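Visitor: The structure follows.
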Amino acid sequence: MLNAVFRLLTVQRSTVRAGHAAPRSPGHLRREPLDLAARRFVRVDGQVGQRIRCLQGIVWITQDEDPTDMILGPGQVLQVHRRGTMLMFAIVDSRLAMDE
């Protein structure tokens, strides 16, 4: 079922805009935040150890061939445990920060 959803979502287009830079310090996420409009998604190549933080909104995250999906709210962080294509779908307008 999840693979069918994954394939369906990959044919849609996303709206992603670079956000304002968050203050950086050692151990914090390094990439500029991404704004993701409600009901849009972004495709990312997940890397082992990568961290994804939801700064605002609610985001559903699924990874190809992984039966476990995550839903992140403000302040929650996902640590990626395997390589592979990930889809991050904004349930409402959302802002994400990710490791490079």
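Visitor: May I ask you to list the residues in the range 64-100 that are exposed (fewer than 15 other Cβ atoms within 10 Å of the Cβ), charged (D, E, K, R) and more than 12 Å from the chain's Cα centre (by Cα)?
Guide: Listed by number, the residues that qualify are Glu65, Arg82, Arg83, Asp93, Glu100.
Visitor: May I pose another question? I'd like the residue in the range 64-91 that is of a type in the set (Gly, Ala, Ser) and farther than 13 Å from Phe41 by Cβ and, out of all such residues, is modelled with the lowest pLDDT.
Guide: Applying the filter and picking the extreme gives Gly84.
Visitor: Kindly evaluate Leu55 against the criterion of being under 13 Å from the mean Cα position of the chain (by Cα) and at pLDDT below 95.
Guide: no
The values are calculated or read from the model by the stated rules, or taken from the named source; none is laboratory data. All values reported here derive from a predicted model rather than from experimental measurement. Don't worry about glycine lacking a Cβ; one is built from the backbone with ideal geometry, like all the others, and counts go over all protein chains shown.
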